[in-house]
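Following: one structure in structure tokens, then a few remarks.
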Amino acid sequence: MLQNLDIKKILFLDIETVPLYPDFGVVPEEEQLYFTEKTAYQRKDEISPKDFYSHAGIWAEFGKIICISVGYFASTTNPRDFRLRSFFGEEKALLIEFKTLLDMFFNSARHRLCGHNAKEFDFPFIARRMIIHQIELPKMLLLFEKKPWEVPHIDTMHLWRFGDFKHYTSLKLMAHVLQIPSPKEDIDGSQVAKVYYEENDLERIITYCERDVVTVTQLFLRLRIEPLLEENEISFSQLKK
């Protein structure tokens, strides 16, 4: 049962990704061909690879991570002390920093990673990008030969499915249904690449990513039938431009 999990041993997270290149025109020719083949089914005949390239960030082969935000209940004296931290900048460096955090503080059999739709997206995306950069995977992402009940991952979307594997519910919809106050966000996931490449505003993306981590945490609390976090119980990372 969820209530049996030690919430202080759960790392809540979210990632933001963008295409590897700002525009399809500067993608190396060989990669253009691979992207064309990879996306043929999704694009259908009426959409060109160039027009579809804004979606490249959803694949680890054609996208990169620009931010990983994490949240955790940090205090042993105040169980409602929730802190946020973000890793951002050059991808290999941020992945190494994230791995260091996992290796040092989230590496036991009782620790868990938690995200929304993270089993299909965030966790495998992080692992694939680490392998591409030849970074040894942390224990929390080593899933080879593990039985399903041994995988240390929690997915709030999977919890909401209750065994119905046809069912997809977005983070925003699930938050709405469970009456979780929506954070005041000025962008959504479809705008991240534009904000990153055209506006060069990484701080705005980090704030958006951290807000999603808070929402994931609130979903988890709702699923445990526990009170939501208040704004004064959340410590956002101090970002500097």
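Of note:
- Dipole of the chain computed with +1 at Lys/Arg Cβ and -1 at Asp/Glu Cβ about the Cα centre; of Ile131, Leu202, Leu229, farthest Cα towards the positive end is Leu229.
- The fewest-to-most ranking of Met157, Met1 by surrounding Cβ atoms within 10 Å reads Met1, Met157.
- The number of Lys pairs in the stretch 6-92 with C-alpha atoms less than 25 Å apart, excluding pairs fewer than 8 positions apart on the same chain, is 6.
- Volume of the Cα convex hull of the stretch 123-166, divided per residue and given in Å³: 95 Å³
- For the chain, relative contact order (Cα pairs under 8 Å, six or more residues apart, normalised by length) works out to 26 percent.
- Ordered by the number of other Cβ atoms lying within 10 Å of each residue's own Cβ, fewest first, Val26, Val192 fall into the sequence Val26, Val192.
- In the stretch 1-103, GluC sites (Glu not before Pro) in a DSSP loop with at most 12 other beta-carbon atoms within 10 Å: Glu46, Glu90
- Amide hydrogen neighbours beyond the local backbone of Leu11, cut-off 5 Å, H modeled: Arg112, Leu113, Cys114
- Residue range of the chain that is longest and free of chymotrypsin sites (Phe, Trp or Tyr not before Pro) which are both DSSP loop and sparsely packed (at most 13 other C-beta within 10 Å): 1-143
- Counting lysine pairs in the stretch 100-241 whose alpha carbons fall under 19 angstrom apart, excluding pairs fewer than 8 residues apart on the same chain, gives 8.
- Counting DSSP beta bridges with both ends in the chain, the antiparallel % (nearest 5): 65 percent
No value in this document is a laboratory result; all are computed from the given coordinates. Computed from a predicted model, the values in this text were never measured in an experiment. A quick note on method: Cβ atoms are made from the backbone with ideal geometry, for glycine too, and the neighbour counts reach across all protein chains shown.
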